[in-house]
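Q: Below: one structure in C-alpha cells.
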Amino acid sequence: MALRTPLCDALEIEYPIVQAPIGSATTPELAAAVSNAGGLGQLAVTWRDLEETREAIRETRERTDRPFAVNLALDDATTVVDTDSHLEAVLEAGAPIVSFSFGDAAPYVDRIHDTGGTVLQTVGSADAAREAVEAGVDVVVTQGFEAGGHVQSEIATTALVPRVADAVGDAVPIVAAGGIADGRGVAAALALGADGAWLGTRFVACEEANVHETYRRRLRESDETDTAYTTLYDKGWPGMPHRVLENETLERWRAAGEPPAGERPGEDDVVARTSDGGPVERYDETLATPDLEGDIESMALYAGQSVGGVDEVQSAAAVVRELVAETCETISDLSAIASSVDR
C-alpha cells in the first residue's frame, strides 16, 4: 500500500503517520509499535528524570530498529530537568529524532544536527514556522486549536496548515496536528498542504498506552462535543491552556462562577493517589495512569475534538494500518470525483 510524502523521506519512515508525544501515556512499547508499523513513534520525556529517560530510549531501541522521536517541552514552568542536560542524555542514549514543543528549538538545532539527528518543532502560527525554518529545523509541526492535551495555538487546524504551507513552501515537510482521528482527517491534512499527520487522542486509546482503564473508557464513550478548552488543571503547569474531557470538576467550577485559582471548589481535594500513596489534587495536571486509584473521572482526562473517532481500543499497529488504508481510500475516492469532473 503506497502512501509516501516528503515527510517519509525526511524521517525515513514508511507512512506519514506520527504518534504525538502524549505525556506520561507514552511507553517504549507504544513508540516501537508505531514505528514498526511504518509510522513514527514518539516518547515524551519532559517529566522523566535523566535515568528514566535513558532507560525509556534504551527499551525503545531494543524493540525497534526503525526511527522514533523523543519530545522535550521547553516551557520552564513544567520541566523537571534542565533542558541542556536532558537533551545531552537524549542524544547520548541514541535518539535519532528530537521534537520540541512550547518553546524555541533554535538553541538546540546545531547540537542535534552534529550527532546526525533530525529536529522537529511544533508551532502555532505561520510566523513561528518561518522562524523555525530559519533556525534550521528539519520538520515543522502545526498544532491546531482542536488538539487534546496542552495546546499552543488558538487557530483551527484547517486555517493554520495552509498558512504554514504558504509560509514554508517546499523548504521543509509540514505535519498537521489537532482534530485528526482517521484516514479522512489524514487525507484532509494532505490536501491542506501538510506532508503528514500527528495524532494524539487516537493513540492514547491504544493497548500499549500507559493510561488508566477509566480514562480509556471515557475516550470510547465521548464524542466531539465532550471536550473543554481551559486552563483549569494548572497545578504543575500554570497558565498553559489544555483540552480535556468534560467532567464533574469542570461542572463544579462553572457552577461556582469560574473562580480563580485558590478559590475554586475543592481546591485541595485529593481525588486520587499513586501506588506509593502520593496525592493527586483536584486541579493537578497529572495524567491518569494505571497506577492511580481514586476518582479518576475527576482528573484531567486529556482529549482532542477528534475523540468522537475513538470507538475501540486497538493495538498501535492496527491503528496505523487502518489510518493508511482509510487515507488511501479517501484519496482514491477524491481522485475518482476529480476524474468525473474532468470528463
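The values are calculated or read from the model by the stated rules, or taken from the named source; none is laboratory data. Computed from a prediction, not measured in an experiment: that's the story for all the values here. Note that each Cβ is placed from the backbone with ideal geometry, even for glycine, and that neighbours are counted across all protein chains shown.
Q: Any chance the range 150-170 includes a residue that's of a type outside the set (Ser, Thr, Tyr), touching a Lys or Arg at 6+ places or on another chain (Cβ under 8 Å) and touching a residue at least 60 places away in the same chain (Cβ under 8 Å)?
A: Within the range 150-170, one or more residues are of a type outside the set (Ser, Thr, Tyr), touching a Lys or Arg at 6+ places or on another chain (Cβ under 8 Å) and touching a residue at least 60 places away in the same chain (Cβ under 8 Å).
Q: Another question, if that's okay. For the range 222-271, what are the residues that are in a loop (DSSP other than H, G, I, E, B), acidic (Asp, Glu) and surrounded by 13 or more Cβ atoms within 10 Å (Cβ to Cβ)?
A: 224, 226, 234, 246, 267, 269
Q: Go through the range 66-100 and count every residue that is in a loop (DSSP other than H, G, I, E, B), in contact with a helix residue (DSSP H, G or I) (Cβ under 9 Å, 6 or more places away or on another chain) and of a type in the set (Asp, Glu).
A: The number of residues fulfilling the criteria is 1.
Q: So residue 318 passes all but one of these: (1) in the same structural domain as residue 240 (by TED's automatic domain parsing); (2) surrounded by 14 or more Cβ atoms within 10 Å (Cβ to Cβ); (3) without any contact (Cβ under 8 Å) to a residue 40 or more places away in the chain; (4) of a type in the set (Gly, Ala, Ser). Which condition number does it fail?
A: All conditions pass for residue 318, except number (1).
Q: With respect to residue 111, determine if the residue is assigned to a helix (DSSP H, G or I), within 25 Å of residue 78 (Cβ to Cβ), in contact (Cβ under 8 Å) with a residue 60 or more places away in the chain and out of contact with any His (no Cβ under 9 Å at 6 or more places or on another chain).
A: Values: assigned to a helix (DSSP H, G or I): yes; within 25 Å of residue 78 (Cβ to Cβ): yes; in contact (Cβ under 8 Å) with a residue 60 or more places away in the chain: no; out of contact with any His (no Cβ under 9 Å at 6 or more places or on another chain): yes.
No; evaluated as a whole, the condition is false for this residue.
Q: Collect the residues in the range 31-52 that are farther than 25 Å from residue 320 by Cβ and not charged (D, E, K, R), keeping them in residue-number order.
A: Matches in the range 31-52: 47, 50.
Q: Could you please tell me which pairs satisfy a Cβ distance under 7 Å, a separation of 6+ or placement on different chains, a first residue in the range 174-192 that is closer than 19 Å to residue 22 by Cα and buried (at least 24 other Cβ atoms within 10 Å of the Cβ), and a second residue that is of a type in the set (A, V, I, L, M, F, W, C) and at pLDDT below 95?
A: none
Q: Of the conditions (1) of a type in the set (D, E, K, R); (2) free of Cβ contacts under 8 Å to residues at least 60 places away in the same chain; (3) not assigned by TED's automatic domain parsing to the domain that holds residue 32, residue 297 satisfies every one except a single condition; which number is it?
A: (2)
Q: Further question: Can you tell which of 204, 186, 175 is at negative phi, in contact with a Ser or Thr (Cβ under 6 Å, 6 or more places away or on another chain) and assigned by TED's automatic domain parsing to the domain that holds residue 163?
A: Criteria check complete, one pass: 186.
Q: Continuing with the same structure: Might you let me know whether the range 18-31 holds any residue that is surrounded by fewer than 22 Cβ atoms within 10 Å (Cβ to Cβ), among the hydrophobic types (A, V, I, L, M, F, W, C) and assigned by TED's automatic domain parsing to the domain that holds residue 181?
A: No; the residues of the range 18-31 include none that is surrounded by fewer than 22 Cβ atoms within 10 Å (Cβ to Cβ), among the hydrophobic types (A, V, I, L, M, F, W, C) and assigned by TED's automatic domain parsing to the domain that holds residue 181.
Q: While we're looking at this one, here's another question. Restrict the check to the range 278-293 and report whether at least one residue is more than 27 Å from residue 79 (Cβ to Cβ) and at pLDDT 95 or above.
A: Within the range 278-293, one or more residues are more than 27 Å from residue 79 (Cβ to Cβ) and at pLDDT 95 or above.
Q: Going by the conditions given, is residue 323 more than 27 Å from residue 253 (Cβ to Cβ), within 17 Å of the chain's Cα centre (by Cα) and at pLDDT 95 or above?
A: yes
Q: Then there is this: Just for the range 272-301: of the residues that are surrounded by 13 or more Cβ atoms within 10 Å (Cβ to Cβ) and among the small types (Gly, Ala, Ser), which one is nearest to residue 237 (Cα to Cα)?
A: In this case the residue turns out to be 300.
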